[in-house]
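The values are calculated or read from the model by the stated rules, or taken from the named source; none is laboratory data. Everything numeric in this text was worked out from a predicted model, so none of it was measured. Here the Cβ is made from the backbone with ideal geometry for all residues, glycine too, and neighbour counts use every protein chain on show. Note: areas computed on protein heavy atoms with side chains; ligands, DNA, RNA excluded. Shrake-Rupley method; radii C 1.70, N 1.55, O 1.52, S 1.80 Å.
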Amino acid sequence: MTSNLLNTTEKSYDRTEWRNGYQSQPTEYDYWVDDIEGEIPQDLQGTLFRNGPGLLEIHGTPIRHPFDGDGMISAVTFKDGKVHFRNRFVQTEAYVQEQASGKILYRGVFGTQKPGGFFNNAFDFRLKNIANTNVIYWGDKLLALWEAAEPYRLDPKTLETIGIDYLDGLLKPGDAFSAHPWIDPSCAMDNGEPCLVNFALKSGLSSSLTIFEFNLQGKLLRRHSHSIPGFSFIHDFAITPNYCIFFQNPVGFNPIPFLLGLKGAGECVQYQANQPTRIILISRRDKDVLPIMIETPSGFVFHHANAFEEGNKVCIDSICYDSLPQVDPDISYKEVDFDRLDPGKLWRFSVNLDTKTVERELLEGRCCEFPAIHPDRVGRNYRYLYIGAAHNPTGNAPLQAILKIDWQTGERQLHSFARQGYVSEPVFIPKPNSTAEDDGWIMLLVYDSSHHRSDVVILDGKNIEQKPIATIHLKHHIPYGLHGSWTSECFV
Ligand code: CO
């Protein structure tokens with residue numbers, strides 16, 4: 001794929017071409033990839049796992065929002081200069097039932113309704129655990145995550161679904177477990193060992209946040225719960241050595257249309273522009289310390305890039321929207337008018353722990369989403385950020401580029417796949433024995449609309465503007481995904 005330079009006043013994308021990336025991929029593949037431009041580095045060994053909606057309709061009925069799509073896992077394995085691809089659907093209970101029955105049996109959180117209108121949807125509150133948001137390999141388990149329910153465990157070699165995983169009894173049926181865990185690369189409480197930190201949110205008139213920390217073997221190290229006033233919609237969080245940090249977005253929840261079966265629960269979340277965002281800091285060290293809560297002017301945050309402590313300050317870098325992109329039940333997500341939505345922009349929130357005040361600063365005004373950093377810098381001050389970005393410096397548009405930002409020099413590098421390419425979340429993979437923070441590979445899936453297929457692209461972390469180190473052409477497309485992760489383990 002070539003990246004054509006475009007005049008910045010014209011649109012960098014074609015909506016019809018963009019939309020084709022939201023076609024279902026019902027086929028499960030398993031093959032060694034032989035169509036490769038460039039060369040796979042010999043010392044690149046490991047597996048990229050990705051999750052995202054694989055089906056955008058069920059037996060011909062389109063789902064209302066991609067967030068309702070059944071989770072499909074892709075595994076891209078790198079071994080001795082060769083690449084293997086495999087994808088499989090997570091065989092959730094609901095997926096198996098719906099595939100067997102030939103119709104939609106569950107309502108989706110983001111508005112997908114069963115056929116039959118009001119009478120068939122009202123008072124049906126069964127959640128469809130679609131396991132479609134993230135996938136991690138930790139403690140010898142491959143887990144597909146969806147924030148409102150329990151993880152599904154898969155065989156990392158075959159991607160076969162083993163079943164719901166209750167994390168050695170830590171979760172009960174119906175419990176939530178967020179799709180956004182962080183790995184603390186060196187936890188002072190555990191003699192510098194890495195640990196996995198995640199949360200579970202139970203939301204109602206007030207909300208409960210539970211923090212979990214696991215060691216490398218997947219055994220529980222710490223768990224504590226905290227009550228937070230008000231309804232919460234919290235998708236992601238951030239960590240530092242001492243804190244878990246949450247942004248309680250200013251939203252209200254009107255459950256009536258959901259209860260009556262007219263809307264999905266996600267569509268009943270309303271953004272409240274006149275209300276502040278609440279930043280919540282929960283101590284990782286002392287579970288008895290009350291959470292610190294500080295208000296800041298409004299904005300909506302899905303994802304955080306990183307957070308770090310500096311003296312009496314905690315800084316959080318987050319992608320912030322001026323308003324929540326409201327799901328309009330009458331307009332298909334495929335018809336979205338990008339120009340009418342607020343772009344995500346990168347902000348730094350600096351919390352002063354002494355004065356309990358927040359300063360915020362716009363770091364990057366280009367439309368961006370899906371950040372990635374060096375895994376050793378998680379929770380620490382860091383120099384380089386890589387993030388999905390729009391081709392043009394202003395306005396809202398699909399993500400077609402990767403942007404690298406050097407916080408020390410302010411230098412920006414952009415690798416654009418416009419006009420035919422659409423990017424997904426990048427991962428940063430450090431090179432073996434590297435010391436420089438940007439000495440690694442940036443890996444991502446790019447949907448190439450000109451061939452209706454996806455490429456796995458590897459960029460040089462030091463200079464992403466160069467020609468890709470390798471472009472691996474898959475034989476087919478993978479619908480736009482959500483999140484994924486890298487492990488140095490190979491399973492083929
Ligand atoms: Co997310």
- [ ] List every residue whose amide H lies under 5 Å from the amide H of Val83, counting only residues 5 or more places away in sequence or on a different chain, with H placed 1.01 Å from N in the peptide plane.
- [x] Val33
TODO: With a probe of 1.4 Å, find how much accessible area the chain has per residue, and write the answer as a whole number in Å².
DONE: 41 Å²
Task: Backbone N within the stretch 236-276 under 16 Å of label point (7 Å from Lys114 Cα along the Cβ vector) - done: 258-265
Open item on the list: Could you work out how much longer the chain between Asp35 and Asn433 gets when fully extended? Use 0.36 nm per residue separation minus the Cα distance between them, nm to one decimal.
Closed with: 140.4 nm
- [ ] Describe numerically, in nm with one decimal, the distance between label points set 7 Å from Cα along Cα→Cβ at Gln275 and at Leu362.
- [x] 2.6 nm
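Given the rule -39500 (n - 2.57) for each run of at least 4 DSSP H residues, summed and divided by the residues of the chain, what is its mean residue ellipticity at 222 nm, to the nearest 500 deg cm²/dmol?
Helix contribution divided over all residues of the chain: -1000 deg cm²/dmol.
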TODO: Name the lysines eligible as straight-distance cross-link partners of Lys345: C-alpha to C-alpha under 17 Å, and not fewer than 8 places from it in the same chain.
DONE: Lys404
Open item on the list: With an 8 Å Cα cut-off and a minimum separation of 6 or more residues, compute the relative contact order for the chain in percent.
Closed with: 15 percent
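In the structure shown, do any of Lys334/Lys475; Lys172/Lys313; Lys79/Lys202; Lys157/Lys475 have a Cα-Cα gap over 31 Å, and if so which? If you can, show how the numbers build up before the last one.
Numbers: Lys334/Lys475 24 Å; Lys172/Lys313 37 Å; Lys79/Lys202 41 Å; Lys157/Lys475 21 Å.
Exceeds cut-off: Lys172/Lys313; Lys79/Lys202.
Could you give the length gained on full extension between Ser350 and His452, defined as 0.36 nm per residue of separation minus the Cα-Cα distance, in nm? Write down the numbers at each step before the final one.
Details: separation 102, 0.36 × 102 = 36.72 nm, distance 4.30 nm.
Extra length available between Ser350 and His452 comes to 32.4 nm.
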